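Worksheet: the structure to be examined is printed underneath.
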Amino acid sequence: MDSGARELPVGLLTLQGDYAKHEAAFRALGCATRGVRRPGELEGLRCLVIPGGESTTMTRLIDRVGLRGPLRDFAAQRPVMGTCAGLIMLAAGLADEAPEHGVRPLGLLDCTVRRNGYGTQVDSFDAAVEVDGLPGAGGPFPAVFIRAPRIVRTGPGVEVLARHGGEPVAVRQGHLLGLTFHPELTDDLRLHRAFLDLC
């Protein structure tokens, strides 16, 4: 990526969810950020994060403001990271999900996920996971799982970067990165730095 592109801001989908913690992480890495609530706000971004939150609400708001097509177009050209509900939105499909629940993934990342795959809020947990390709030293990543989805299928073009209990929890397909956990809820910036390296 040329030096001009490196100066572009990191986009944060700010319709709903925990985008503020991502913003703090990128600013700690010296990156400007910009919120995205409308299609035109995708212009001039370096990359985009779809944060955790509530995937039903996120689906409704994406469609209400006309972001579905523009998000798909953006992801064809630029890196996108989805964390927790953001991964659900990136996914190709959902497992065991009734259509009336209202979640419509963007169909960008060739994997199938199960919402709340680890249980409810009271089943949230932390775990140290080994993540391939993390920049710098530091050992396992301190992953925070909150009502986390489970990845139940990955396509042939999807690389599994990390597992917990034998199951994928971090995957990459080209310049798309999907995490079942919340990297922004730790002081460890290595995954945000790795995402910037995809640009």
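The values are calculated or read from the model by the stated rules, or taken from the named source; none is laboratory data. Predicted, not measured: the structure shown is a model, and the values here were computed from it. Please note: Cβ atoms are built from the backbone with ideal geometry, for glycine as well, and neighbour counts cover all protein chains shown.
Observations on the structure shown:
- Leading residue by the ranking (surrounded by the most Cβ atoms within 10 Å (Cβ to Cβ)) among those in segment 120-153 that are farther than 21 Å from R190 by Cα and touching an Asp or Glu at 6+ places or on another chain (Cβ under 7 Å): I151
- Filtering segment 76-95 to residues that are farther than 18 Å from T112 by Cα and buried (at least 20 other Cβ atoms within 10 Å of the Cβ) leaves only P79.
- Any chance R147 is in contact with a helix residue (DSSP H, G or I) (Cβ under 7 Å, 6 or more places away or on another chain), touching a residue at least 60 places away in the same chain (Cβ under 8 Å) and not hydroxyl-bearing (S, T, Y): yes
- Criterion: modelled with pLDDT under 95 and not basic (K, R) - qualifying residue of V65, V80, V103, V49: V103
- Cβ separations smaller than 6 Å between residues 6+ apart or across chains give the following pairs from segment 162-187 residues that are over 19 Å from R115 (Cβ atoms) and of a type in the set (D, E, K, R) to residues that are surrounded by 20 or more Cβ atoms within 10 Å (Cβ to Cβ) and modelled with pLDDT of 95 or more: R172/L161; E184/H22; E184/A25.
- Where Y118 falls short, out of the listed (1) among the hydroxyl-bearing types (S, T, Y); (2) assigned to a strand (DSSP E or B); (3) under 19 Å from D18 (Cβ atoms): (2)
- Residues that are within 24 Å of S124 (Cβ to Cβ), over 11 Å from the mean Cα position of the chain (by Cα) and assigned to a strand (DSSP E or B) within segment 161-199 comprise L161, A162, R163, H164, E167, P168, V169, listed in sequence order.
- Selection count, segment 174-198, where residues are among the acidic types (D, E) and more than 17 Å from P140 (Cβ to Cβ): 2
- Selection count where residues are under 14 Å from the mean Cα position of the chain (by Cα), within 14 Å of L87 (Cα to Cα), of a type in the set (A, V, I, L, M, F, W, C) and not in a loop (DSSP other than H, G, I, E, B), scope segment 128-160: 2
- Matching residues, segment 55-109, being over 19 Å from H192 (Cα atoms), more than 13 Å from the chain's Cα centre (by Cα) and in a loop (DSSP other than H, G, I, E, B): V65, G66, L67, A95, D96, E97, A98, G102, V103, R104, G107
- Within segment 36-53, restricting attention to residues that are surrounded by fewer than 15 Cβ atoms within 10 Å (Cβ to Cβ) and in contact (Cβ under 8 Å) with a residue 24 or more places away in the chain, the residue that is farthest from R147 (Cα to Cα) is G44.
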